[in-house]
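Notes follow the structure.
No lab work stands behind these numbers, since they all come straight from the coordinates. The model shown is predicted, which means the values in this text are computed figures rather than measured ones. Neighbour counts are summed over all protein chains in view; Cβ atoms, including those assigned to glycine, are modelled from backbone coordinates with ideal geometry.
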Amino acid sequence: MLRVLLYLIITPILLILAAAFIIPLFLDEDKLLAIAAEALEKQTGATLTVGGEAKLSLFPRIAMQLNEAELSLAGEGQPDLSARSLDIAVQLMPLFSGSVEIEGLAIKGLLVNVPPAPKRPEIDTSDMSDAELDMFYAARRKALSEAGTKRGASAALALPMALEVDRLSITNSRVVLLAKGPAAPTVIDIKALKAKHLNLDGEEVPLSLSLSILGAGDSEPVKVELESSFTVDSEGQQLALSSLSAVISGASAEPIRLSATGDASLEQMTADLAMQVDIGQAHGSGTLRYASFSSPQIDANLHFNQLNPSLFALAGPNSKDPKQSDKDARDGDAPLPLAGLRSIDSRAQLRIDKAIIDGYEIDNLNSQLRVSEGVVKINRLSGQLYGGELALEATFNAKHNRAKLNTQGSITGVDIAQLLQALEAEPLATGKVSMNWQFASAGTTSNALRDKLNGPLSMHTSDLVLKDIGIEKMLCETVALANRESLSSELATDSAFEALTVDIKVEEGKARLAPLRGELQHLALNGTGDLDLKSLKFDAKFKARIAEGLSELDPACRIHQRYTAIDWPLECEGELGGKPSKWCSVDSGEILEELAKNEVKRKLGQEAGRLLDRLRKQD
């Protein structure tokens, strides 16, 4: 856009310069226009055509007005420019000293058609070997370093500003970014762009902009309203942004309100900003550094009151794998966006008062994140999770073709009922749970990472109540059956644990529960089990030891001493998310058979004892 403005400014300036030095000849406008057009084409290769009037006035200031002007730039792939009217006024006296001081430049009805740029060859890292990936990273680092030593960004802005434009106005204009093939173009409607005192002398430059980017089809346009004030130093290398406020609507459900101050190096393509962002009920503030030719390219330190999807913009451009569709992203067998991750170079320190991530609500979340060359490293993530504490570290290494995941962490004192509610799962349990883990995995899909997950996890609970799984009720009913009696009261269908601990070994997508220990008021459980992480199906076998206090539940459950010496088998199987009442059962037939065998052995032992006593007496 700066280049376009440059050509539009040069055109009338050539006319005015020509007029200033040939005033004694009193040439008419047509001859003057021909002279300037010839000079413009000779100096820039651009061709000027004016379909309307060309007016020149010399007093009280030199001014030129062109109507229906068109400018064709030399070379292929250059934009076409036209303007309904272009007005420029300059001070007379500075012209005789070789300088140009523009009082005003007004462009109305500007139309710029920008042809599609030549398609850059895309580098698909997903097809590279590990050695080729290492070469790719090295080449990119070298390219960034070399690009950072080149100059020219400051000159692009410095040249038009060096013309000392006192007033700039562009209204009712449009920029059309044409696309290749049948794709719809991107249309930018500029309602108004106004600036004052464009200069390189350190004077403050106020600027306002109102534009809209038209969406495809029936989608709403994205509208931008911006007010800013800045200064540029004498060499055009440093820009100081004293104020910026912008409102962006249409890009999200709620308007994005942004304010910022800071400094930028036009030569090094860096910016250091202090910023405030408001999106609906989300409010954030902090600092952001952008460095085009350094690592990290984006470095942010932000504090938000709540998580908003806008934070994901910190990932930077080109973060999405071009080969991955939204449908593929929902498919666990689709390739992970490894190529997209390899293009990100960001660092972020985030503090979020309330964050919701995949259905989990985390309060006072603090996170330090680094993404570079395909390696995503969470140095620290902590916060409060449903009344408990969360702390973890993780590294996802997608630098090479076999992505690797390593994570370790813990949660302590989390409210189980709130956790299940957040996951929209059945309210199967209440109480508190604590866990710690250390996992590793590798793969190129989310399913592969799950199926290759390995590592230990330990869990213990307090005040745990399992709903619709009446373990004491089941065993009480079996004891009553052994006593050949009927229950006289309705027993609880829930199981209240005084303690429950589980050591879990995850290996190749399977979770081995060994051992599992549980303490209820009147019995103790010990067992082992397995859980399939893909199907979420499980099976477990427990041995229960019953205490004499079981009779407190019902007189029919009174315990004979011989009952306490045997293991009462309890078998559980099902699918997480199914009906808990159908998960566990006691094989009463096996129990009664075991009791009968023990009773026979007991009686045989008694008879044998009495026989031995009689034999001793006879002797």
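Using a cut-off of 11 Å between beta-carbons, work out the net charge of the residues near Arg402 (Lys and Arg +1, Asp and Glu -1, Arg402 not included). Can you show the working numbers first?
Working: positive: Lys399, Lys404, Lys452; negative: Asp130.
Value of the local net charge: +2.
Name the residue farthest towards the positive end of the dipole of region 458-605 from the options Leu553, Leu516, Leu536, assuming +1 on Cβ of Lys and Arg, -1 on Cβ of Asp and Glu, about the Cα centre.
Of Leu553, Leu516, Leu536, it is Leu516.
Once you put a point 7 Å from the Cα of Ser446 and another 7 Å from the Cα of Glu132, both along the Cβ direction, what distance in nm separates them?
2.8 nm
If I stretch the segment between Glu519 and Ser245 completely, what's the gain in nm (0.36 nm per residue apart, minus their alpha carbon distance), one decimal?
Numbers: separation 274, 0.36 × 274 = 98.64 nm, distance 6.19 nm.
That works out to 92.5 nm of additional length.
Of Ser495, Gly578, Thr478, which is farthest on the positive side of the dipole of region 458-605, counting Cα position, with +1 on Lys and Arg Cβ, -1 on Asp and Glu Cβ, and the Cα centre as origin?
Thr478
Among 406-412, 532-538, how do they line up from the highest to the lowest mean number of other beta-carbon atoms within 10 Å? Write down the numbers at each step before the final one.
Working: 406-412: 16.7, 532-538: 13.3.
The packing order, highest mean first, is 406-412, 532-538.
Measuring from the lowest to the highest alpha carbon on each principal axis, how far does region 458-605 reach, largest first, in angstroms?
Cα extents, longest axis first: 51, 34, 23 Å.
Within region 455-472, name every residue whose backbone N is under 19 Å away from a label modeled 7 Å from Cα of Ser410 along the Cβ vector.
455-463
Test of understanding: what is the full-extension gain from Leu226 to Glu103, defined as 0.36 nm times their sequence separation minus their Cα-Cα distance?
Working: separation 123, 0.36 × 123 = 44.28 nm, distance 2.36 nm.
Here the answer is 41.9 nm.
Which FRET efficiency, nearest 0.05, do Asn436 and Leu576 yield, Cβ-Cβ r, R0 22 Å? Write out the running numbers ahead of the final one.
On the way: r = 21 Å, r/R0 = 0.95.
The value I calculate is 0.55.
Under a point-charge model restricted to the Cβ atoms of Lys and Arg (+1) and Asp and Glu (-1), what is the dipole moment magnitude of region 458-605 relative to its Cα centre, in debye to the nearest 20? Mind dumping the intermediate values first?
On the way: 20 positive and 27 negative charges, 87 e Å.
The dipole magnitude comes to about 420 debye.
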